[in-house]
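As structure tokens, the structure follows; a few thoughts come after it.
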Amino acid sequence: MTESINWSLNAQVSGGPKVMASDTKEIEAYDKIKVTIEAETADKEVDIQPGGAGKVQFLLIKSDTYSSDIEKLTYTVNERTTTIELDALQVFIGNGAVELLIETPKKLVFTNNLQTPVSIEILVGRMAIVPPE
């Protein structure tokens, strides 16, 4: 059974142009995850899809607090060494955007160098796992 994630974006430069977009992303399964990353914590793993993973089509990562120039809230994808700073809401929609993460994300590994705990919300939309024949 197909599920849908409806999304919209409205961005406007102050005194300048405005760009609006919205669409529906068809998916077969989704997960909503909420996790707290304690202050000054490294390597907090968050599984975002089951083993033998399907194909992520939509990934939204939102925090109640974001990084500053000095203190960082970061994550890596799976076992990769490339660190991504979570300094604002991040949304990846479609294969092209998700592929920027190098590989299909199965887990995110967070490091919170901030002085306070942060609450992270993750919404994952994916294709269902196809059983082997």
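Specify the residue that is surrounded by the fewest Cβ atoms within 10 Å (Cβ to Cβ); the eligible residues are those in the range 51-82 that are under 23 Å from R126 (Cα atoms) and of a type in the set (D, E, K, R).
Per the criteria, the residue is E79.
I'd like the full set of residues that are more than 15 Å from D43 (Cβ to Cβ), modelled with pLDDT of 90 or more and within 12 Å of the chain's Cα centre (by Cα), limited to the range 96-125.
Within the range 96-125, E121, I122, L123, V124, G125 meet the criteria.
Suppose we keep only residues that are of a type in the set (S, T, Y) and more than 19 Å from Q90 (Cβ to Cβ) within the range 1-39. Which one would you say is surrounded by the fewest Cβ atoms within 10 Å (Cβ to Cβ)? Full working, then the answer.
Within the range 1-39, the first condition is being of a type in the set (S, T, Y), and the residues that meet it are 2, 4, 8, 14, 22, 24, 30, 36.
Okay, now just the ones that are also more than 19 Å from Q90 (Cβ to Cβ), so 2, 4, 14, 24.
Details: T2: 9, S4: 11, S14: 4, T24: 9.
So the residue we want is S14.
Looking at I48 and the list (1) buried (at least 17 other Cβ atoms within 10 Å of the Cβ); (2) modelled with pLDDT of 90 or more; (3) out of contact with any Phe, Trp or Tyr (no Cβ under 9 Å at 6 or more places or on another chain), which single condition is not satisfied?
(2)
Given the criterion more than 25 Å from E3 (Cα to Cα), loosely packed, with under 14 Cβ neighbours inside 10 Å and not hydroxyl-bearing (S, T, Y), identify the matching residue among E85, E103. Spell out the reasoning first.
Numbers: E103 fails: more than 25 Å from E3 (Cα to Cα).
None of the others qualify; the one that does is E85.
Between a residue in the range 55-75 that is farther than 12 Å from A88 by Cβ and any residue that is among the acidic types (D, E), which pairs come within a Cβ distance under 7 Å, given they are 6 or more apart or on different chains?
Close Cβ pairs satisfying both conditions: K72/E85; T74/E85.
Among the strands (runs of 3 or more DSSP E) lying completely within the range 1-94, list those that include at least 3 residues that are in contact with a helix residue (DSSP H, G or I) (Cβ under 7 Å, 6 or more places away or on another chain) and not basic (K, R). Even if it seems obvious, please write down each step before you answer.
Numbers: elements: 3-12, 18-27, 29-37, 41-47, 56-63, 73-77, 90-93.
By residue number, 56-63.
Which of (1) under 29 Å from A11 (Cα atoms); (2) under 16 Å from the mean Cα position of the chain (by Cα) does N78 not meet, given it meets every other one?
Checking N78 against (1) under 29 Å from A11 (Cα atoms); (2) under 16 Å from the mean Cα position of the chain (by Cα), the one that fails is (1).
What residue, among those in the range 88-100 that are of a type in the set (A, V, I, L, M) and exposed (fewer than 12 other Cβ atoms within 10 Å of the Cβ), is farthest from Y66 (Cα to Cα)? Full working, then the answer.
Kept after step one, since they are of a type in the set (A, V, I, L, M), are these residues of the range 88-100: 88-89, 91, 93, 97-98, 100.
The next check asks that each one be exposed (fewer than 12 other Cβ atoms within 10 Å of the Cβ); those that pass are 88-89, 100.
Numbers: A88: 6, L89: 9, L100: 21 Å.
Only one residue tops the list, namely L100.
Name the single residue, out of those in the range 95-107 being outside any loop (DSSP other than H, G, I, E, B) and out of contact with any Lys or Arg (no Cβ under 9 Å at 6 or more places or on another chain), that is nearest to A39 (Cα to Cα). Spell out the reasoning first.
If we filter the range 95-107 for residues that are outside any loop (DSSP other than H, G, I, E, B), which is where we start, we get 95-101, 107.
With out of contact with any Lys or Arg (no Cβ under 9 Å at 6 or more places or on another chain) added as a condition, the list becomes 96-97, 99-100, 107.
Working: G96: 33, A97: 30, E99: 30, L100: 28, K107: 20 Å.
Step by step, filter the range 95-107, then rank; the result is K107.
Being under 22 Å from T2 (Cα atoms), in contact with a strand residue (DSSP E or B) (Cβ under 7 Å, 6 or more places away or on another chain) and either aliphatic (A, V, I, L, M) or not in a strand (DSSP E or B) (or both) is the requirement here; does I120 meet it? Break it down into steps so the answer makes sense when it comes.
Details: under 22 Å from T2 (Cα atoms): no; in contact with a strand residue (DSSP E or B) (Cβ under 7 Å, 6 or more places away or on another chain): yes; either aliphatic (A, V, I, L, M) or not in a strand (DSSP E or B) (or both): yes.
Here the answer is no, as I120 does not meet what is asked.
Go through the range 58-75 and report how many residues are farther than 15 Å from T116 by Cβ and at pLDDT 90 or above. Step through it out loud before you land on a result.
Filtering the range 58-75 down to residues farther than 15 Å from T116 by Cβ leaves 58-62, 69, 74-75.
Those left that are additionally at pLDDT 90 or above: 58-62, 74-75.
Within the range 58-75, residues that are farther than 15 Å from T116 by Cβ and at pLDDT 90 or above number 7.
The values are calculated or read from the model by the stated rules, or taken from the named source; none is laboratory data. Only a predicted model underlies this, so the values are computations on that prediction, with no experimental measurement involved. Methodologically, a virtual Cβ is constructed for each residue, glycine included, from the backbone with ideal geometry; neighbour enumeration extends over all protein chains shown.
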